[in-house]
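*Asks:* Next up is a structure, given as C-alpha coordinates.
The values are calculated or read from the model by the stated rules, or taken from the named source; none is laboratory data. None of the values given here were measured: they were computed from a predicted structure. FYI the Cβ positions are ideal-geometry reconstructions off the backbone, even for glycines, and counts take in every protein chain you see.
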(Lines give C-alpha, C1' and ligand atoms only; values in the text may rest on other atoms or scores of the structure.)
Protein backbone atom coordinates (compact mmCIF):
# COMPACT_ATOMS: atom_id res chain seq x y z
CA UNK A 1 0.00 0.00 0.00
CA UNK A 2 1.39 3.39 -1.03
CA UNK A 3 2.14 5.96 1.65
CA UNK A 4 2.41 9.73 1.53
CA UNK A 5 5.41 11.72 2.67
CA UNK A 6 6.72 15.17 3.45
CA UNK A 7 10.14 15.72 1.85
CA UNK A 8 12.12 18.36 3.73
CA UNK A 9 15.29 20.24 2.93
CA UNK A 10 17.70 20.23 5.88
CA UNK A 11 19.57 23.52 6.25
CA UNK A 12 17.49 26.58 7.09
CA UNK A 13 14.35 24.42 7.02
CA UNK A 14 14.58 22.14 10.04
CA UNK A 15 17.97 23.32 11.33
CA UNK A 16 19.52 26.78 11.33
CA UNK A 17 22.00 27.35 8.51
CA UNK A 18 25.29 28.82 9.71
CA UNK A 19 27.09 28.18 6.43
CA UNK A 20 28.79 24.82 5.93
CA UNK A 21 27.96 22.88 9.09
CA UNK A 22 30.89 20.53 9.69
CA UNK A 23 30.44 19.38 13.29
CA UNK A 24 27.57 18.10 15.48
CA UNK A 25 28.04 21.03 17.89
CA UNK A 26 26.82 23.42 15.17
CA UNK A 27 23.45 21.68 14.80
CA UNK A 28 20.62 23.81 16.15
CA UNK A 29 16.96 23.13 15.44
CA UNK A 30 15.00 25.89 13.71
CA UNK A 31 12.31 27.46 15.87
CA UNK A 32 9.19 25.29 15.90
CA UNK A 33 10.72 22.59 13.69
CA UNK A 34 10.24 19.69 16.12
CA UNK A 35 6.60 20.59 16.80
CA UNK A 36 5.96 20.87 13.06
CA UNK A 37 7.31 17.36 12.47
CA UNK A 38 5.13 16.00 15.27
CA UNK A 39 2.05 17.55 13.65
CA UNK A 40 2.94 16.17 10.22
CA UNK A 41 3.36 12.66 11.60
CA UNK A 42 -0.02 12.89 13.32
CA UNK A 43 -1.52 13.56 9.88
CA UNK A 44 -0.07 10.26 8.65
CA UNK A 45 2.90 11.55 6.66
CA UNK A 46 6.33 9.96 6.48
CA UNK A 47 9.07 12.53 7.24
CA UNK A 48 12.02 12.34 4.84
CA UNK A 49 14.99 14.71 4.62
CA UNK A 50 16.55 15.28 1.17
CA UNK A 51 19.63 17.50 1.24
CA UNK A 52 22.42 18.60 -1.12
CA UNK A 53 25.75 18.21 0.67
CA UNK A 54 28.29 19.39 -1.90
CA UNK A 55 30.69 20.16 0.97
CA UNK A 56 31.74 16.51 0.73
CA UNK A 57 32.75 16.90 -2.92
CA UNK A 58 34.48 20.20 -2.13
CA UNK A 59 36.53 18.57 0.63
CA UNK A 60 35.01 20.75 3.36
CA UNK A 61 33.44 17.87 5.27
CA UNK A 62 33.64 14.07 5.31
CA UNK A 63 30.86 11.50 5.12
CA UNK A 64 31.72 10.42 8.66
CA UNK A 65 31.11 13.98 9.90
CA UNK A 66 27.81 14.08 8.00
CA UNK A 67 26.74 10.89 9.77
CA UNK A 68 27.58 12.45 13.16
CA UNK A 69 25.67 15.63 12.28
CA UNK A 70 22.59 13.65 11.30
CA UNK A 71 22.86 11.56 14.45
CA UNK A 72 22.89 14.79 16.48
CA UNK A 73 19.92 16.10 14.50
CA UNK A 74 17.86 12.99 15.24
CA UNK A 75 18.86 13.18 18.91
CA UNK A 76 17.67 16.78 19.24
CA UNK A 77 14.38 15.92 17.53
CA UNK A 78 13.84 12.83 19.69
CA UNK A 79 14.17 14.97 22.82
CA UNK A 80 10.97 16.70 21.66
CA UNK A 81 9.22 13.48 20.48
CA UNK A 82 9.88 14.22 16.81
CA UNK A 83 11.36 11.62 14.47
CA UNK A 84 12.59 11.31 10.89
CA UNK A 85 11.84 8.22 8.81
CA UNK A 86 14.90 8.58 6.59
CA UNK A 87 17.63 11.00 5.53
CA UNK A 88 18.94 11.20 1.97
CA UNK A 89 21.82 13.44 0.92
CA UNK A 90 23.75 14.03 -2.29
CA UNK A 91 27.57 14.29 -1.85
CA UNK A 92 28.30 15.00 -5.52
CA UNK A 93 29.17 18.21 -7.38
CA UNK A 94 30.45 18.67 -10.95
CA UNK A 95 33.24 21.00 -9.75
CA UNK A 96 34.19 19.06 -6.63
CA UNK A 97 37.77 18.91 -5.36
CA UNK A 98 37.46 15.25 -4.30
CA UNK A 99 37.77 13.02 -7.37
CA UNK A 100 35.41 10.37 -6.03
CA UNK A 101 32.55 12.86 -5.75
CA UNK A 102 33.36 15.11 -8.74
CA UNK A 103 30.42 14.44 -11.05
CA UNK A 104 26.86 15.45 -11.78
CA UNK A 105 24.15 13.31 -10.23
CA UNK A 106 20.43 12.73 -10.57
CA UNK A 107 20.30 13.01 -6.78
CA UNK A 108 21.51 16.62 -6.74
CA UNK A 109 18.57 19.01 -6.49
CA UNK A 110 16.97 20.49 -8.61
CA UNK A 111 16.94 16.95 -10.02
CA UNK A 112 14.45 14.63 -8.29
CA UNK A 113 16.66 11.56 -7.84
CA UNK A 114 16.47 11.47 -4.03
CA UNK A 115 12.67 11.71 -4.11
CA UNK A 116 12.43 8.93 -6.69
CA UNK A 117 14.76 6.73 -4.62
CA UNK A 118 12.66 7.27 -1.49
CA UNK A 119 9.45 6.55 -3.38
CA UNK A 120 10.85 3.25 -4.64
CA UNK A 121 12.35 2.11 -1.35
CA UNK A 122 9.49 3.24 0.91
CA UNK A 123 6.51 2.85 -1.46
CA UNK A 124 5.72 6.57 -1.42
CA UNK A 125 2.89 8.01 -3.53
CA UNK A 126 4.63 11.13 -4.86
CA UNK A 127 1.41 12.66 -6.18
CA UNK A 128 0.05 12.62 -2.62
CA UNK A 129 3.27 13.99 -1.10
CA UNK A 130 4.87 17.40 -0.50
CA UNK A 131 8.30 18.93 -0.97
CA UNK A 132 9.17 21.73 1.50
CA UNK A 133 12.36 23.78 1.34
CA UNK A 134 13.89 27.24 1.41
CA UNK A 135 15.29 27.29 -2.13
CA UNK A 136 13.82 27.19 -5.63
CA UNK A 137 15.96 24.09 -6.26
CA UNK A 138 13.78 22.31 -3.71
CA UNK A 139 10.69 23.49 -5.56
CA UNK A 140 12.07 22.30 -8.91
CA UNK A 141 12.92 18.86 -7.48
CA UNK A 142 9.46 18.51 -5.98
CA UNK A 143 7.75 19.58 -9.19
CA UNK A 144 9.85 17.15 -11.25
CA UNK A 145 8.86 14.31 -8.93
CA UNK A 146 5.15 15.19 -9.14
CA UNK A 147 4.81 16.48 -5.56
CA UNK A 148 3.05 19.60 -4.35
CA UNK A 149 5.56 22.21 -3.19
CA UNK A 150 5.97 24.80 -0.43
CA UNK A 151 8.73 27.44 -0.42
CA UNK A 152 9.88 28.90 2.90
CA UNK A 153 10.78 32.59 2.40
CA UNK A 154 12.17 33.84 5.69
CA UNK A 155 13.18 37.46 6.19
CA UNK A 156 16.72 36.41 7.08
CA UNK A 157 17.38 34.24 4.00
CA UNK A 158 15.36 35.19 0.92
CA UNK A 159 15.72 32.69 -1.96
CA UNK A 160 16.75 33.99 -5.37
CA UNK A 161 14.70 32.73 -8.31
CA UNK A 162 16.31 31.98 -11.67
CA UNK A 163 14.33 32.44 -14.88
CA UNK A 164 14.04 28.70 -15.57
CA UNK A 165 12.96 27.77 -12.05
CA UNK A 166 9.27 27.03 -11.35
CA UNK A 167 7.10 28.80 -8.79
CA UNK A 168 6.04 26.94 -5.66
CA UNK A 169 2.42 25.98 -5.08
CA UNK A 170 2.54 27.86 -1.76
CA UNK A 171 4.90 30.29 -0.03
CA UNK A 172 5.26 30.62 3.76
CA UNK A 173 7.58 32.27 6.26
CA UNK A 174 8.47 29.21 8.38
CA UNK A 175 7.92 25.48 8.75
CA UNK A 176 5.01 25.99 11.14
CA UNK A 177 3.07 27.86 8.46
CA UNK A 178 3.96 25.11 5.99
CA UNK A 179 2.30 22.61 8.31
CA UNK A 180 -0.83 24.78 8.37
CA UNK A 181 -0.92 24.69 4.55
CA UNK A 182 -0.52 20.89 4.46
CA UNK A 183 -3.18 20.47 7.14
CA UNK A 184 -5.61 22.74 5.31
CA UNK A 185 -5.11 21.07 1.93
CA UNK A 186 -5.21 17.55 3.39
CA UNK A 187 -8.43 18.28 5.27
CA UNK A 188 -10.04 19.73 2.14
CA UNK A 189 -9.04 16.70 0.08
CA UNK A 190 -10.31 14.25 2.69
CA UNK A 191 -13.61 16.12 2.81
CA UNK A 192 -14.02 15.68 -0.94
CA UNK A 193 -13.06 12.01 -0.81
CA UNK A 194 -15.54 11.25 1.99
CA UNK A 195 -18.44 12.75 0.02
CA UNK A 196 -19.69 9.59 -1.71
CA UNK A 197 -23.49 9.89 -2.09
CA UNK A 198 -25.54 6.76 -2.69
CA UNK A 199 -26.71 5.99 -6.21
CA UNK A 200 -30.21 4.78 -7.09
CA UNK A 201 -30.78 1.16 -5.93
CA UNK A 202 -31.44 -1.53 -8.51
CA UNK A 203 -35.09 -2.54 -8.81
CA UNK A 204 -34.28 -6.25 -9.10
CA UNK A 205 -32.98 -6.68 -5.56
CA UNK A 206 -33.28 -4.69 -2.30
CA UNK A 207 -29.53 -4.29 -1.89
CA UNK A 208 -27.85 -1.40 -0.16
CA UNK A 209 -27.02 1.44 -2.61
CA UNK A 210 -23.39 1.58 -3.73
CA UNK A 211 -21.50 4.86 -4.30
CA UNK A 212 -20.76 5.89 -7.88
CA UNK A 213 -18.07 8.49 -8.23
CA UNK A 214 -15.70 9.74 -10.88
CA UNK A 215 -12.26 10.46 -9.47
CA UNK A 216 -9.24 12.25 -10.91
CA UNK A 217 -6.04 11.53 -8.94
CA UNK A 218 -8.07 10.56 -5.88
CA UNK A 219 -10.31 13.68 -5.90
CA UNK A 220 -13.85 13.55 -7.15
CA UNK A 221 -14.74 15.93 -9.98
CA UNK A 222 -16.92 18.87 -8.94
CA UNK A 223 -19.52 18.02 -11.62
CA UNK A 224 -19.98 14.43 -10.39
CA UNK A 225 -20.15 15.53 -6.74
CA UNK A 226 -22.89 18.03 -7.61
CA UNK A 227 -24.86 15.41 -9.57
CA UNK A 228 -24.62 12.84 -6.79
CA UNK A 229 -25.66 15.38 -4.15
CA UNK A 230 -28.80 16.21 -6.16
CA UNK A 231 -29.66 12.50 -6.46
CA UNK A 232 -29.08 11.95 -2.76
CA UNK A 233 -31.24 14.93 -1.79
CA UNK A 234 -34.14 13.68 -3.95
CA UNK A 235 -33.90 10.17 -2.50
CA UNK A 236 -33.84 11.47 1.06
CA UNK A 237 -36.96 13.55 0.47
CA UNK A 238 -38.95 10.77 -1.19
CA UNK A 239 -37.78 7.64 0.64
CA UNK A 240 -36.34 8.35 4.09
CA UNK A 241 -35.55 11.14 6.57
CA UNK A 242 -32.09 12.66 6.82
CA UNK A 243 -29.75 10.22 8.58
CA UNK A 244 -27.53 10.98 11.55
CA UNK A 245 -24.45 10.28 9.43
CA UNK A 246 -25.51 12.91 6.91
CA UNK A 247 -25.91 15.45 9.70
CA UNK A 248 -22.47 14.60 11.03
CA UNK A 249 -20.98 15.02 7.57
CA UNK A 250 -22.56 18.46 7.21
CA UNK A 251 -21.21 19.46 10.62
CA UNK A 252 -17.74 18.22 9.60
CA UNK A 253 -17.84 20.24 6.37
CA UNK A 254 -18.74 23.37 8.34
CA UNK A 255 -15.82 22.75 10.69
CA UNK A 256 -13.49 22.33 7.68
CA UNK A 257 -14.68 25.64 6.20
CA UNK A 258 -14.10 27.34 9.58
CA UNK A 259 -10.58 25.90 9.73
CA UNK A 260 -9.78 27.09 6.18
CA UNK A 261 -10.90 30.63 6.97
CA UNK A 262 -8.84 30.74 10.16
CA UNK A 263 -5.74 29.41 8.39
CA UNK A 264 -6.04 31.94 5.55
CA UNK A 265 -6.47 34.81 8.04
CA UNK A 266 -3.42 33.67 10.00
CA UNK A 267 -1.28 33.54 6.84
CA UNK A 268 -2.30 37.08 5.94
CA UNK A 269 -1.26 38.28 9.39
CA UNK A 270 2.14 36.63 9.11
CA UNK A 271 2.73 37.85 5.55
CA UNK A 272 1.83 41.42 6.48
CA UNK A 273 4.27 41.65 9.40
CA UNK A 274 7.77 42.91 8.65
CA UNK A 275 10.55 43.87 11.05
CA UNK A 276 11.86 46.24 8.38
CA UNK A 277 8.55 48.06 8.27
CA UNK A 278 8.49 48.33 12.08
CA UNK A 279 12.01 49.80 12.23
CA UNK A 280 11.17 52.23 9.42
CA UNK A 281 8.17 53.45 11.38
CA UNK A 282 10.31 54.04 14.49
CA UNK A 283 12.86 55.98 12.41
CA UNK A 284 10.06 58.14 11.01
CA UNK A 285 9.15 59.15 14.55
CA UNK A 286 12.80 60.01 15.24
CA UNK A 287 12.82 62.20 12.10
CA UNK A 288 9.86 64.18 13.40
CA UNK A 289 11.58 64.57 16.76
CA UNK A 290 14.72 65.97 15.08
CA UNK A 291 12.62 68.45 13.09
CA UNK A 292 10.91 69.64 16.28
CA UNK A 293 14.32 70.18 17.93
CA UNK A 294 15.58 72.10 14.87
CA UNK A 295 12.52 74.33 14.95
CA UNK A 296 12.92 74.93 18.68
CA UNK A 297 16.57 75.99 18.29
CA UNK A 298 15.68 78.23 15.33
CA UNK A 299 13.01 80.07 17.29
CA UNK A 300 15.08 80.44 20.46
CA UNK A 301 16.39 83.96 21.28
CA UNK A 302 20.00 82.85 20.99
CA UNK A 303 19.43 81.53 17.45
CA UNK A 304 21.98 78.67 17.55
CA UNK A 305 22.38 78.00 13.81
CA UNK A 306 24.90 75.21 14.37
CA UNK A 307 22.46 73.23 16.50
CA UNK A 308 19.71 73.80 13.91
CA UNK A 309 21.85 72.40 11.07
CA UNK A 310 22.93 69.46 13.22
CA UNK A 311 19.32 68.52 14.01
CA UNK A 312 18.34 68.89 10.35
CA UNK A 313 21.29 66.72 9.33
CA UNK A 314 20.18 63.95 11.67
CA UNK A 315 16.62 64.26 10.36
CA UNK A 316 17.81 63.82 6.75
CA UNK A 317 19.95 60.78 7.62
CA UNK A 318 17.14 59.06 9.55
CA UNK A 319 14.66 59.87 6.77
CA UNK A 320 16.91 58.24 4.18
CA UNK A 321 17.27 55.17 6.40
CA UNK A 322 13.48 54.92 6.79
CA UNK A 323 12.94 55.20 3.02
CA UNK A 324 15.54 52.50 2.41
CA UNK A 325 13.83 50.11 4.83
CA UNK A 326 10.41 50.79 3.27
CA UNK A 327 11.83 49.99 -0.18
CA UNK A 328 13.40 46.75 1.10
CA UNK A 329 10.05 45.78 2.67
CA UNK A 330 8.15 46.38 -0.57
CA UNK A 331 10.66 44.35 -2.59
CA UNK A 332 10.04 41.39 -0.32
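*Asks:* Looking at the range 157-203, which of its residues are outside any loop (DSSP other than H, G, I, E, B), in contact with a strand residue (DSSP E or B) (Cβ under 7 Å, 6 or more places away or on another chain) and modelled with pLDDT of 90 or more?
*Replies:* Result: 170, 171, 172, 175, 178, 181, 182.
*Asks:* More than 15 Å from residue 75 (Cα to Cα), modelled with pLDDT under 95 and buried (at least 17 other Cβ atoms within 10 Å of the Cβ) - does that describe any residue in the range 24-45?
*Replies:* No, the conditions are met nowhere in the range 24-45.
*Asks:* What about residue 130, is it touching a residue at least 12 places away in the same chain (Cβ under 8 Å) and over 23 Å from residue 54 (Cα atoms)? It would help to see each step written out before you state the result.
*Replies:* Working: touching a residue at least 12 places away in the same chain (Cβ under 8 Å): yes; over 23 Å from residue 54 (Cα atoms): yes.
Yes: the conditions hold for residue 130.
*Asks:* Right, next: Of the residues that sit in the range 149-181 and are exposed (fewer than 14 other Cβ atoms within 10 Å of the Cβ) and free of Cβ contacts under 8 Å to residues at least 40 places away in the same chain, which one is farthest from residue 325 (Cα to Cα)?
*Replies:* 164
*Asks:* Can I ask one more? Modelled with pLDDT under 80, part of a helix (DSSP H, G or I) and within 36 Å of the chain's Cα centre (by Cα), is that true of residue 325?
*Replies:* It is true that residue 325 is modelled with pLDDT under 80, part of a helix (DSSP H, G or I) and within 36 Å of the chain's Cα centre (by Cα).
*Asks:* Still on this structure, please answer the following. Can you find a residue that is more than 27 Å from residue 156 (Cα to Cα), in contact (Cβ under 8 Å) with a residue 40 or more places away in the chain and assigned by TED's automatic domain parsing to the domain that holds residue 179 anywhere in the range 22-41?
*Replies:* Scanning the range 22-41 turns up at least one residue that is more than 27 Å from residue 156 (Cα to Cα), in contact (Cβ under 8 Å) with a residue 40 or more places away in the chain and assigned by TED's automatic domain parsing to the domain that holds residue 179.
*Asks:* Additional query: Looking only at residues that are within 32 Å of the chain's Cα centre (by Cα) and at pLDDT 85 or above in the range 270-287, which one is farthest from residue 171 (Cα to Cα)?
*Replies:* 282
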